[in-house]
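The values are calculated or read from the model by the stated rules, or taken from the named source; none is laboratory data. Here the structure is a predicted model, which means the values were calculated and not measured. Cβ placement follows ideal geometry from the backbone for every residue including glycine, while neighbour counts extend to all protein chains displayed. In case anyone asks, the SASA skips ligands and DNA or RNA and just uses the protein heavy atoms, side chains included. Shrake-Rupley method; radii C 1.70, N 1.55, O 1.52, S 1.80 Å.
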Amino acid sequence: MTKNVLLITIDSLRKDYLPLHADWSHTPAAEELFQKGVSFESAFATGPATAVSFPGILTGTLPLSCGGLGPLEESRPRLASEMQKAGFQTGGFQSNPFLSHHFNYDVGFDTFEDYQNPLMGIATKIFPRGIEVNHPKLRRIDEKINLTKRIKDVYQLFRGKPRPYVGADVITDDCIDWIDDADSNFFAWAHYMDVHHPCFPPVEYRKEFDAADVTQEEVSEWYSALIRSPDTLNSEEINDLESLYCAAIKYTDHQIERILRKLKEEGEFEDTLIIYTSDHGELFGDYGLYGKPERMYDELLQVPYIVTNGPEYLESSKDELLSLMDTMGIIFDAVGIDLPDSYEGIRPGHEQRDHIVGEHHAEGETVIGVRSEKWLFELDEMRDTKRLFEITDKGIDERSVNQGDDYVQSVAEKRLSELDIETELLEEDLEEDVEDRLEDLGYI
């Protein structure tokens, strides 16, 4: 029986960017997990953005279930809570505001570091975990010169330019320290933001991908322009953004490699179920679009999904459709926990999917996508339209809604009819810094 579980999630990592430039040597951690584990080639997120993907990953439910988006409701099952009840120590390490305690993602974790401190952006360069002045000497300095206020003033001057998240090194450091202190079987979740724009990995990685001269300010400005008015950017600037994306993938992988090394040093690697995945992808001009629009294309929903040290029977299902909300089924099978009644996923290896569902809700309107092996149907209230695409070996071709499989359309319409959405994602009042960081990340 599996002793430990390590869930690694990388924000915004597209499936088709692994292996990076068709060369696994750029990402040795991913390569090792791939070689020793099972890679699901048709794994899909439950939506094209963090807020609509992580309810699937960490609660095993679709994002618009249980009242819809917003802070997670008690009616959702919790991966961390069930692991905690089963006697596992639980630790989570991440810095995306949508996954913070503001949205109830801390429930079930004994240790939960979401780094939701003021001045996350610029202060990260000075204090990697924010501007908490916890050291006695620093507290005395702060009392004399009001260091905290000075940093806040600088942040207000440059808000939106620096990274609005902590770096992969901080996530890895804290996760390793926590694993080192764990005195029983553990469940650890490490979520990395560095591949999410604005990408700005350390200079040695930027040099390798010919983007050493790009500044943080330019990255933020270009990405904002890319989302709002891409025609204002030239091809070189767009190429630089994609190069930084690739550089950030390599940097993040090298930090993940440190966790794997720690598990080996402690003799825990073989006894740890490791799941390596992403929450969604990113568009780089595909279909004439950029960023993370409310669409259900494979480039947005298809994600890498590698399970290492998992049950042997998973090998037989690696080519089948997998939803990220099936993650709980894989983990609970491996550790011997019964699935909650409110779980909406399946148990890969025991059950097989004939479709996956992706969905989003914004400005009072819903978008639902249903994908089978051969068809993708989008029921789009936001744009008041329905779309059908045929998926072939050569790509994706739009068809008349009446030309294709009625099944995917019927699933989408049934899903829409049964929704009871009560909350909007940002309807509650958030702290000013949280809103600032969401804006810097391109969410609002």
One residue is enough: does region 392-413 have a residue meeting the conditions in contact (Cβ under 8 Å) with a residue 60 or more places away in the chain and touching a Phe, Trp or Tyr at 6+ places or on another chain (Cβ under 8 Å)? yes
Could you check, for region 132-150, whether at least one of its residues is touching a Lys or Arg at 6+ places or on another chain (Cβ under 7 Å), at pLDDT below 90 and either open to solvent by less than 50 Å² (accessible area, probe 1.4 Å) or hydroxyl-bearing (Ser, Thr, Tyr) (or both)? yes
Closer than 30 Å to Asp110 by Cα, open to solvent by 60 Å² or more (accessible area, probe 1.4 Å), assigned to a loop (DSSP other than H, G, I, E, B) and of a type outside the set (S, T, N, Q): does that describe Asp177? no
By residue number, the members of region 269-294 that are in a loop (DSSP other than H, G, I, E, B) and among the aromatic types (Phe, Trp, Tyr) are Phe269
Return yes or no: is Gln116 at pLDDT below 85, in contact with a His (Cβ under 8 Å, 6 or more places away or on another chain) and open to solvent by 20 Å² or more (accessible area, probe 1.4 Å)? yes
Looking at region 380-393, can you tell me whether even one residue there is of a type in the set (Lys, Arg), more than 30 Å from Lys85 (Cα to Cα) and not in a strand (DSSP E or B)? yes
Pairs only if they're at least six apart or on different chains, beta carbon under 8 angstrom, first in region 102-130 and under 26 Å from Leu79 (Cβ atoms) and of a type in the set (Phe, Trp, Tyr), second at pLDDT below 50 and in a loop (DSSP other than H, G, I, E, B); list them, first residue then second. Tyr115/Arg129; Tyr115/Gly130
Select from region 74-84 the residues that are among the charged types (D, E, K, R) and in contact (Cβ under 8 Å) with a residue 40 or more places away in the chain and write down the one among them that is farthest from Gly345 (Cα to Cα). Glu82
Quick check on region 244-258. Is at least one of its residues under 30 Å from Leu6 (Cα atoms), open to solvent by 30 Å² or more (accessible area, probe 1.4 Å) and either of a type outside the set (D, E, K, R) or not in a helix (DSSP H, G or I) (or both)? yes
Under the condition of being out of contact with any helix residue (DSSP H, G or I) (no Cβ under 9 Å at 6 or more places or on another chain) and more than 22 Å from Pro348 (Cβ to Cβ), which residue from region 1-59 is least open to solvent (accessible area, probe 1.4 Å)? Asp23
Picking from Ser229, Ser184, Ser235, Ser224, the residue that is among the polar types (S, T, N, Q), open to solvent by 30 Å² or more (accessible area, probe 1.4 Å), touching a strand residue (DSSP E or B) at 6+ places or on another chain (Cβ under 8 Å) and farther than 21 Å from Tyr115 by Cα would be Ser184
For residues that are open to solvent by 10 Å² or more (accessible area, probe 1.4 Å) and either β-branched (Val, Ile, Thr) or part of a helix (DSSP H, G or I) (or both), tally how many sit in region 259-268. 4
Mind checking which residues of region 219-267 are in contact with a Leu (Cβ under 9 Å, 6 or more places away or on another chain) and acidic (Asp, Glu)? Glu237, Asp253
In region 60-98, anything buried (at least 20 other Cβ atoms within 10 Å of the Cβ) and among the basic types (Lys, Arg) is listed as Arg76, Arg78
What are the residues in region 195-215 that are at pLDDT 95 or above and open to solvent by less than 10 Å² (accessible area, probe 1.4 Å), if any? Val195
Of Gly329, Gly349, which residue is in contact with a strand residue (DSSP E or B) (Cβ under 8 Å, 6 or more places away or on another chain), buried (at least 19 other Cβ atoms within 10 Å of the Cβ) and within 19 Å of Val5 (Cα to Cα)? Gly329
I'm checking my understanding of the structure. Among residues of region 294-316 that are out of contact with any helix residue (DSSP H, G or I) (no Cβ under 9 Å at 6 or more places or on another chain) and within 25 Å of Thr27 (Cα to Cα), which one is surrounded by the fewest Cβ atoms within 10 Å (Cβ to Cβ)? Glu312
